[in-house]
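Colleague: I have a structure here, written as structure tokens, and I will follow up with some questions on it.
Here, each number is a calculation from the coordinates, and none is a lab measurement. Since this is a predicted model, take the numbers as computed values, not measurements. Cβ atoms come from the backbone with ideal geometry, glycine included; neighbour counts cover every protein chain shown.
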Amino acid sequence: RRARTGSPLWTRWRWSGTLRSLPRAWFDKASELPDGRLLITFRVQGEGRWEWLIAPGIFSTLRPASLPLPETPGPFAMALRRQLQGAPLLGAEQPGGERYLEASFGQGREEEPALLAVELFGQGNVLVIRRGQISTLLHSRAWAQRVLRPGARYLRPPARKNPFALTAEELRKALRDSSADRVSTLAARMGLGGPLSEELLARTGFDPKVPAAREAEELSEALIQALPTLLSEIGDRPSGYLYRSRTGGQLIDVTPFPAERRRRDAELVEERRPTFSEAAFEFFSSSPPPESARPREETAPVKDPRAGLLRKRNQQEEAIRTLQEEAETLRSGADLLLSHFPEVEERRLTLAGSAPGTLEFEIVLEGRPFRLRAGTPTREAAQALYEEAKHAQQRLEGAQGALRSTEAQLRSGTPVVAPPRPTQDPGRPPARRRHFWFEKAPRFFVSSEGFVVIAGRDARTNDALVKRYLGEHDVYIHADLHGAPSVVIKTQDPKVSPGEGTLLEAGQWGLCHSRAWRAGLASADAYWVKGDQVSKAGASGEYVARGSWVIHGTRNPLRDLPLELTLGRVPYEGEMLLQAAPPSTFGRPGSQLLFGLRPGEDRDREVEERTLAQALGITREALQAVLPPGGFSARPIGPAAGEARREVVG
């Protein structure tokens, strides 16, 4: 008898008022939780941190912070952090009534406020809008009159009639013209939804199952009086009411008002909470019914695995279609900019010269609008779109690999087995280890000579890594392949330079994180230079793209480096670090060689990842942080391989 876990009307009411009621607040962090919910935290003056928990399409709560932040924020959360972190909350509105919310954040005096739109209908969505265009979003969607994609003009959801603004005549007409019963008419035609319609009929004393046309005059008059009363009970910051079963203790419903329809049920107990946010959080976070919550064997197959796999396949196919559209839209946008390069560049230079204060301008190319920065060269703007398309293509390839794995399971009929969870002695607190500065880099390893080697993951992080970490006495390494990561060997003492072993290890490691790995090459070449040979200053008129650098002077070649890695642990300043690096890096005393890695098939990556993470007793996210891109094959090596399974708490 538990209420549906969808999004009742009242779980989306008054969020604008709740956000506006906060004193001075700033966007702090965003994180994607393992169950798919989004957690946004605010720093509130005089009140510490508050958290905004959003389950798209289900519910949303705002309360003092209590949930732990995950170790890995997630890609969408990272995009939110980059765009909104530190921005003050300026206000919040619900333009369309109860169905979605727009929170505005300051972005400096020269820019319009950025909008964070939260849609809580259907499957739900979260979007960032700048100057009317979608900057980033959780889910790409397309309808006949509305498209949600990066770069598209944001259109609000179609407006619906506000049920609390209905007149008595509108109510009478809807009831008289209906052939359905009362509760169905109010729920569908009036937009009140089932639970609220049942509550109003309970308060007015009318039978919900009677045809709507009967006593339409009397019912409409009663509803006109009941609707504003109910709305006033809710207010801007309503209290919360939970309804729990007397026998099983299960939570059945949550409302922002005392529910008459629930109070009449002798089997339910009403519990009041100071705020509706607290009550909603407790309701949606409550345990499932006792009979379904009994512990199962860790290897017990999921009930009806084929149905679950079919549902999973449908979701993956939808994700693939969305990513294909996103990648194609970004690529075609970059192509358009370059094909109309003279026109766009002339417009940009004219604005930059005649109106120096102009930050952005809009231009329409072949019917497609573009909003560009006057200070950004057109080629650089096109390159940025190509980079975004590249990232979308990488996500697409990952989704296609996951789909192939699901289809293989469907063909084989193999039951879905829940992976065993790492166990830990409950009487002993988790071991904590020291974290080092280089662990903030996208990738790192420690060489056989003890040098720290770091690298970027894409054009943006390559750019940031070199600008931040490369010193004149450090060593810069790059593979002889386009798109390879920038690799930096850090030298703590200018008088101590890395030896040939470290240079070869860093070159081999950089190659393994390039497209050479995915191509399945046996070996390839790289080069190294000193840090003072690297700069952004090219020849006169030369364009240097983001993530690229100009090398001055002689390049020192590193020939015929093998594409192979070893996964294991190495000692560093009293701690054991997990790394995937060339085999020679594990020669120091105390090192543990666990698995040998070679290029493999992309379609097998998900299975290999799960198997390897289970063997090591770590999460897939922790494993992915050290693995090269693309497929791989792993084989156990070394005496520690059989004892590899252990819990690693960072």
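Colleague: Straight-line reach from LYS173: which lysines fall under 16 Å, measuring Cα to Cα and dropping same-chain residues less than 8 apart?
Modeller: The qualifying lysines are LYS161.
Colleague: Can you work out the FRET efficiency for the pair GLN225 and ARG620, with r the C-beta to C-beta distance and R0 = 60 Å, to the nearest 0.05?
Modeller: Working from the Cβ atoms, E equals 0.60.
Colleague: Right, next: For the stretch 240-290, rounded, prolate or oblate, judged on the Cα gyration tensor with a ≥ b ≥ c (square roots of eigenvalues), a/c < 1.5 rounded, else prolate if a/b > b/c?
Modeller: In terms of gyration-tensor shape, oblate.
Colleague: Applying a 10 Å radius around every beta-carbon, put 460-472, 561-573 in order of their mean neighbour count, most first. Walk me through the numbers on the way to the answer.
Modeller: On the way: 460-472: 16.8, 561-573: 19.8.
Top to bottom by mean Cβ count within 10 Å: 561-573, 460-472.
Colleague: Please compute the length gained on full extension between ASP458 and LEU155, using 0.36 nm multiplied by the number of residues separating them and subtracting their Cα-Cα distance.
Modeller: This chain segment gains 105.9 nm when fully extended.
Colleague: Set the Förster radius R0 to 35 Å, insert the Cβ-Cβ distance between GLU328 and ARG49 as r into 1/(1 + (r/R0)^6), and round the FRET efficiency to 0.05.
Modeller: After rounding, the FRET efficiency stands at 0.30.
Colleague: Ok, one more. Using Cβ counts within 10 Å as a stand-in for footprinting exposure, how do ILE234, ILE134 rank, fewest first?
Modeller: Ascending Cβ contact count within 10 Å gives the list ILE234, ILE134.
Colleague: Quick one: which of 63-72, 475-484 comes out on top by average Cβ neighbours within 10 Å, and what's the full order, highest first?
Modeller: Numbers: 63-72: 13.8, 475-484: 20.0.
In decreasing order of mean packing, 63-72, 475-484 become 475-484, 63-72.
Colleague: Sticking with this structure for a sec: Label-point separation (nm) for LEU365 and GLU217, each offset 7 Å from Cα along Cα-to-Cβ?
Modeller: 6.7
Colleague: Further, regarding this structure: Once you order the gyration tensor axes a ≥ b ≥ c over the Cα atoms, which shape class does the stretch 437-643 get: rounded for a/c under 1.5, otherwise prolate or oblate by comparing a/b with b/c?
Modeller: Working: a/c = 1.93, a/b = 1.47, b/c = 1.31.
Judged from the Cα gyration tensor, the stretch 437-643 comes out prolate (a/c at least 1.5, a/b above b/c).
Colleague: Could you work out how much longer the chain between GLU267 and PHE436 gets when fully extended? Use 0.36 nm per residue separation minus the Cα distance between them, nm to one decimal.
Modeller: Details: separation 169, 0.36 × 169 = 60.84 nm, distance 5.66 nm.
Taking 0.36 nm per residue and subtracting the Cα distance, the gain is 55.2 nm.
Colleague: Mark the label point 7 Å from the Cα of THR376 along Cα→Cβ and return the residues of the stretch 71-89 whose backbone N is within less than 14 Å of it.
Modeller: 83
Colleague: Per-residue HN-Hα couplings for the stretch 58-72, Karplus 6.51 cos²θ - 1.76 cosθ + 1.60 at θ = phi - 60°, whole Hz, x for Gly and Pro?
Modeller: Using θ = phi - 60°, the values come out as 10, 7, 8, 9, 10, 7, x, 4, 9, 7, x, 7, x, 5, 10 Hz.
Colleague: Note the full-extension length gain between GLN123 and ARG24 as 0.36 nm times their separation in residues minus their Cα-Cα distance, in nm to one decimal.
Modeller: Details: separation 99, 0.36 × 99 = 35.64 nm, distance 3.14 nm.
Extra length available between GLN123 and ARG24 comes to 32.5 nm.
Colleague: If the reach is capped at under 20 angstrom between alpha carbons, list the aspartates and glutamates near LYS467, excluding any in the same chain fewer than eight residues apart.
Modeller: The reachable aspartates and glutamates, counting only those whose Cα sits under 20 Å from LYS467, are GLU380, GLU387, GLU439, ASP458, ASP493, ASP532, GLU542.
Colleague: Using r as the Cβ-Cβ distance of LYS173 and HIS340, and R0 as 56 Å, what FRET efficiency do you calculate, to the nearest 0.05?
Modeller: Efficiency, rounded to the nearest 0.05: 0.55.
Colleague: Order of ILE54, ILE551 from fewest to most other C-beta atoms within 10 Å?
Modeller: ILE551, ILE54
Colleague: Quick check on my link table: of LYS209/LYS312; LYS29/LYS495; LYS495/LYS536; LYS312/LYS440; LYS312/LYS390, which ones sit more than 31 Å apart, alpha carbon to alpha carbon?
Modeller: Listed pairs above 31 Å: LYS209/LYS312; LYS29/LYS495; LYS312/LYS440.
Colleague: For the residue pair LYS467 and ALA408, what label-to-label distance in nm results when each label sits 7 Å from Cα along the Cα-to-beta-carbon direction?
Modeller: 4.1
Colleague: Still on this structure: How far apart, in nanometres, would the label points at LEU90 and THR350 be if each is projected 7 angstrom from Cα along the Cα-to-Cβ direction?
Modeller: Calculated label separation equals 3.0 nm.
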